[in-house]
Amino acid sequence: MRHLVTGGAGFIGSHLIDTLLRDGGDSVVCLDNLQTGHQRNIAHLIRDPRFQFIRHDVRDPIAIDVDRIWHLACPASPPQYQKNPIATIKTNVLGTLNMLGLARRCGARFLLASTSEIYGDPLVSPQSETYLGNVSCTGPRACYDEGKRIAETLVYDYQRVHGVEVRVARIFNTYGPRMAADDGRVVTTFIRQALAHQPLTIYGDGSQTRSFCFVDDLVAGLNALMQSSCELPVNLGNPTELTVAELAALIRDRLSPGLELEQRPLPLDDPRQRRPDISRAFRELGWRPQLDLAEGLERTIAAFEVSAVDATDASFNPLAATTAAQA
Ligand code: NAD
Ligand code: UDP
C-alpha cells in the first residue's frame, strides 16, 4: 500500500505517518509546503527508504500514484489560519479539489481531515454528526470553518459523481507532542507560558469549553476510519469537556502554582462550547479515546521540556528532498 499524507510535516500528520510506517511494508509520500509544519517533525524518517518528502503546495496539482490519500494539509490554529485567510480558503477549496482529482485518477481511497469547526458556535451539546451547525460565513473564522464545510461538500460530490471512496473525520481539539510551541493554540500557549513563568492568557472569562483528545488516540481513530467501510462523517475527539479556566488551572498547578492569570478579550466568533458525541465512532469503528487529560498533558509537557533543549536535526535539509518536479 502506498500512502499520500498531505500536511504530513505537521503535528497530526507526522504522528499519522509514524503509525503507517510502524509495521508492514507500506510506503508513505509526505506532501507539505511547511507553512505551519516543521522539518523536525519528519527528520527521524528521512533516511527510511519507505518514506519520501515532497515540498509542495496542495493548491497546485500534482501527478503521483498512490492507494490511500490522507488529506490533512491546512493550518489548524486560529491565529495561523487567520494570518492569510484567502490562502486558507484556497488551501481548503483548491487543495481539496486537487487531491480529490488525484484520488479519482488513481482509484485511491480518500480521507479528509475535517473539523468540529464545521459546527461553528454550536447551539446543541454534545455535537453529533447530524447537527448542521451554527457557522458565521462572514467572520474571521469563516475562512477555515466554511473552507472545511466546502471541502466536505467536494468530498461527497466526488463520491456521488465520480465514485471516489471517501472517509470524513471531524476532528475535535487534539493536542500532544510536536505541536508548534508558538502556534497560538490554547494547550501550547498555556504550557509555553507556564514553563516560562509568565501569566496565562485567558480569553474572555474562561467559561468557554473545549474537549481535548491526545494525538495517539486521534491517530488510532483516523486509522480505524480509513480501514472501515464507513462513508459517513465521523466525529473523532475526547468527550471529556472542561472550561478554558479549568485547563489553565490544571497546567498552572502542575507547572507553576501561583502563576497569575491574565484576562484578554474573547476573539470574535469564539465557540462557547464544544464536546463531541462519539457514539457513531464507537458503533462504526469500535473506537474511543483511551488516555485521560492528566496523562496526556504529562506527555505533552515532557515533550515541550525536551524540545526546549533541542528540537532540530541539523542533518535534515528539506531543500535536498525530492521536489514536485522530480516526483
Ligand atoms: P498543523 O498546522 O500542525 O499541520 C498542517 C500541515 O499542513 C502543516 O504541516 C502545514 O505546513 C501543511 N499545509 C498547510 N497548508 C498547506 C498547503 N497549501 N499545501 C501543503 N501543505 C500545507 O495542524 P494539525 O493540528 O496537524 O492539523 C492537521 C489537520 O487536522 C488540518 O487539516 C486541520 O484542519 C485538522 N484538524 C486539526 C485539529 C487539531 O486540534 N489539531 C482539529 C480539527 C481539525
Ligand atoms: N484561548 C485562551 N488563551 C489563549 C489561547 C486560546 O483562552 O492563549 C482560548 C480560545 O479563545 C478558545 C480556546 O482557548 O476559546 C481554544 O482555543 P484554540 O485556539 O486552542 O482552539 P479553537 O478550539 O478555538 O480552534
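Just to confirm my filter: which helices (runs of 4 or more DSSP H) fall fully inside segment 87-202 and include at least 2 residues that are under 18 Å from the mean Cα position of the chain (by Cα) and among the charged types (D, E, K, R)?
142-162
Can you name every residue in segment 121-146 that is closer than 27 Å to residue 283 by Cα and buried (at least 24 other Cβ atoms within 10 Å of the Cβ)?
127, 145
I want to confirm something. Restricting to segment 73-96 and keeping residues that are within 16 Å of ligand 2 (Cβ to nearest atom) and of a type in the set (A, V, I, L, M, F, W, C), which single residue is surrounded by the most Cβ atoms within 10 Å (Cβ to Cβ)?
Looking at residues that are within 16 Å of ligand 2 (Cβ to nearest atom) and of a type in the set (A, V, I, L, M, F, W, C), I get 74.
Just name the residue that is nearest to the chain's Cα centre (by Cα) out of those in segment 221-243 that are more than 15 Å from ligand 1 (Cβ to nearest atom) and either crowded, with 20+ Cβ neighbours inside 10 Å or farther than 16 Å from residue 277 by Cα (or both).
Once the filter is applied, the top-ranked residue is 224.
Condition (residue is more than 21 Å from residue 161 (Cβ to Cβ), among the hydroxyl-bearing types (Ser, Thr, Tyr), in contact with a Leu (Cβ under 9 Å, 6 or more places away or on another chain) and at pLDDT 95 or above) applied to segment 69-85: is it met by at least one residue?
no
Can you find even one residue in segment 139-150 that is closer than 21 Å to residue 165 by Cβ, at pLDDT 95 or above and within 14 Å of ligand 2 (Cβ to nearest atom)?
Yes, that holds for at least one residue.
Which pairs have Cβ atoms under 9 Å, sit 6 or more apart or on different chains, and link a residue in segment 294-306 that is over 21 Å from residue 238 (Cα atoms) to one that is part of a helix (DSSP H, G or I)?
304/188; 304/191; 304/192; 304/195; 305/195
Could you check segment 245-266 and list, in sequence order, the residues that are under 9 Å from residue 190 (Cβ atoms) and in contact with a Gly (Cβ under 7 Å, 6 or more places away or on another chain)?
248
Just checking: which of the strands (runs of 3 or more DSSP E) contained wholly in segment 224-283 hold 1 or more residues that are closer than 30 Å to residue 68 by Cα and in contact (Cβ under 8 Å) with a residue 60 or more places away in the chain?
233-236
So which residues in segment 193-219 are away from ligand 1 (no atom under 15 Å from the Cβ) and surrounded by 20 or more Cβ atoms within 10 Å (Cβ to Cβ)?
193, 194, 200, 202 - these are the residues of segment 193-219 that are away from ligand 1 (no atom under 15 Å from the Cβ) and surrounded by 20 or more Cβ atoms within 10 Å (Cβ to Cβ).
So how many residues does segment 160-181 have that are free of Cβ contacts under 8 Å to residues at least 24 places away in the same chain and either touching a strand residue (DSSP E or B) at 6+ places or on another chain (Cβ under 8 Å) or within 12 Å of ligand 1 (Cβ to nearest atom) (or both)?
0
The values are calculated or read from the model by the stated rules, or taken from the named source; none is laboratory data. Just so you know, these numbers come straight off a predicted model, no measurement behind them. Positions of Cβ are backbone-derived with ideal geometry, glycine not excepted, and every protein chain shown enters the neighbour counts.
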